[in-house]
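For reference, the structure discussed in these notes is given below.
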Amino acid sequence: MRYITILLSSLAFLTLSSLTKIKSLTVTSTAFTNNGNIPVKYTCTGQQVSPPLMISNIPPEAKSLAIVVCDPDAPTKITTSVIKSQTVGGKKGKKKVINTKETRTMDACTVDGFTHWILWNVDATDATHTIPEDFRGDNVGQNSSGTSGYIGMCPPTGTHHYHFIVYALDTKLNIDKNVTKSALEKVMQGHIVAKGELVGLYNKSYK
């Protein structure tokens, strides 16, 4: 009897694990292939519009899609130097100014380099969904430049990899439109039913 109970418990655990397993989405674009070069049109030296995306294999339990576009090759920290002046008393009542150098470190992106685009509550009612070029949805958060919406690829040097990550969620999100990538990722925890990724490359020397 004991062994039957253990067996039933194991089967229940395996069934629960299979139900909670994150499935795979397929993410493609008519503008570039996976690990292919992103056309200049979608970058800071072009029209800086978002590329078209097609998401397929969306599971029926998905209620919405969320998208994150990030460049993990970008520096995760930006260091700036600030000169602070302080006036202090000197000999015989004279005052002198002392300049001190203070170094501040800021996140270029909360996690994984530079965030170019985040959006959520994209339609997921069909197994396949297309996001058109230059998409301007209502639920768009902040990129790493501190502005809302899509910002084009603009690597300072070399070739960078741009990850277009799509999440299928079992709910719609009720969050502020000024959220960052890290805040969005926290809200999505426990709601991701499927995930897919498309990677594009860009170097400013591309023509």
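Looking only at segment 38-75, filter to residues that are part of a strand (DSSP E or B) and over 16 Å from the mean Cα position of the chain (by Cα); which one of those is farthest from Tyr162 (Cα to Cα)? Walk me through how you get there before you give the answer.
Residues of segment 38-75 part of a strand (DSSP E or B): 43, 53-56, 64-71.
Applying the additional criterion that residues be over 16 Å from the mean Cα position of the chain (by Cα) yields 43, 54-56, 64.
Values: Thr43: 11, Met54: 16, Ile55: 17, Ser56: 20, Ser64: 23 Å.
Among residues in segment 38-75 that are part of a strand (DSSP E or B) and over 16 Å from the mean Cα position of the chain (by Cα), the one farthest from Tyr162 (Cα to Cα) is Ser64.
Here is a list of conditions, (1) touching a residue at least 40 places away in the same chain (Cβ under 8 Å); (2) surrounded by 14 or more Cβ atoms within 10 Å (Cβ to Cβ), and Thr159 meets all of them except one; can you say which number that is?
The single condition Thr159 does not satisfy is (2).
For every residue, the table says whether it meets (1) acidic (Asp, Glu); (2) modelled with pLDDT of 95 or more; (3) touching a strand residue (DSSP E or B) at 6+ places or on another chain (Cβ under 8 Å); (4) not assigned by TED's automatic domain parsing to the domain that holds Gly190.
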{"position": "Ile55", "(1), (2), (3), (4)": "no, yes, yes, no"}
{"position": "Lys84", "(1), (2), (3), (4)": "no, no, yes, yes"}
{"position": "Lys92", "(1), (2), (3), (4)": "no, no, no, yes"}
{"position": "Thr100", "(1), (2), (3), (4)": "no, no, yes, yes"}
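Being closer than 21 Å to Asn143 by Cβ and surrounded by fewer than 17 Cβ atoms within 10 Å (Cβ to Cβ) is the filter here; which residues of segment 164-174 pass it?
Leu173 - this is the single residue of segment 164-174 that is closer than 21 Å to Asn143 by Cβ and surrounded by fewer than 17 Cβ atoms within 10 Å (Cβ to Cβ).
Just to be sure I understand the filter: pairs with C-beta atoms under 7 Å, separated by 6 or more residues or on different chains, first member in segment 21-32 and under 11 Å from Thr128 (Cα atoms), second member among the hydroxyl-bearing types (Ser, Thr, Tyr). Which pairs pass?
Every condition considered, the pairs that remain are Thr26/Ser56.
The values are calculated or read from the model by the stated rules, or taken from the named source; none is laboratory data. Worth saying up front: this structure is predicted, and the values here are computed from it rather than measured. Don't worry about glycine lacking a Cβ; one is built from the backbone with ideal geometry, like all the others, and counts go over all protein chains shown.
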